[in-house]
Structures are given as C-alpha cells and as structure tokens.
Amino acid sequence: MKRYGTVIGLKADKIDEYKQLHAAVWPDVLQMIGQCHIHNYSIYLRQFDDGRHYLFSYFEYTGDDFAQDTAKMAADPTTQRWWAVCMPCQQPLDKRCSDEWWASMEEVFHCD
C-alpha cells in the first residue's frame, strides 16, 4: 500500500458548488475509484493566510500499477463527465509537474 497526498487551489466563488458536488458523488465515480485500487480517500478544504483556498487530498493505493489504474480511471466516460464539472472549480498550482492537475506532495512523516 502506498499513501498519496495532493494539493490544488479552489476558486473562492466555486466553494459551495464544490462542496455540493462532493456531498453527493456519483455512485459510478465511487465505484471506479475502488476498481482502480484507491481507498481511504479524503479531500480537505483550507483557506490560507493569503486568502486563497486549497484542497488537500489523501488516499491509499493498493494496486500494482498506479499509472495503469489512473489511465483506466481517466478513460472512463463517467469519470470524464465528473471531472468536467469539478475541474472548473479548481485552480491548479503553478509549481506542479507538467503531467499533474493536482500537485503531488512529499510525505515527510507517518505514524501508524
């Protein structure tokens, strides 16, 4: 099992919409997340001192090929439609890898 943490900005005028979307995530989207071996998935919201809002996600991956599983998820038509309604709410960080929407974070501590 591998833990992942990612971060992205959230547009201030889209906060309520984003919360409403995630209060009722589409069942097929949740099923695809599980099929791609992603578990214990959480998203947190925080306004920083600079006034901007950020989302932090945490999930655990239990599969053998993360690239293959994320490609499977990206190819799913329902997931694509879900992303199409969520992505306009988000503001990707300038300093992220070119292939990332949510920026990866380095794990610096973990305690079970």
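FYI, it's all coordinate maths here, none of it is from the lab. Fair warning: this is a prediction, and the values are worked out from it, not measured in the lab. Neighbour counts run over all protein chains shown; Cβ positions are idealised from the backbone, glycine included.
Might you check whether a residue that is closer than 18 Å to TRP101 by Cα and of a type in the set (Lys, Arg) occurs anywhere in segment 17-36? Taking every residue of segment 17-36 in turn, none turns out to be closer than 18 Å to TRP101 by Cα and of a type in the set (Lys, Arg).
May I ask you to say which residue of THR6, THR70 is in contact (Cβ under 8 Å) with a residue 40 or more places away in the chain and hydroxyl-bearing (Ser, Thr, Tyr)?
THR6
Among the residues of segment 67-89, some residue qualifies, meaning at least one is within 22 Å of LYS14 (Cβ to Cβ) and in contact with a strand residue (DSSP E or B) (Cβ under 9 Å, 6 or more places away or on another chain). When segment 30-42 is filtered for residues that are under 12 Å from the mean Cα position of the chain (by Cα) and closer than 10 Å to MET73 by Cβ, the ones remaining, listed by number, are ILE33, ILE38.
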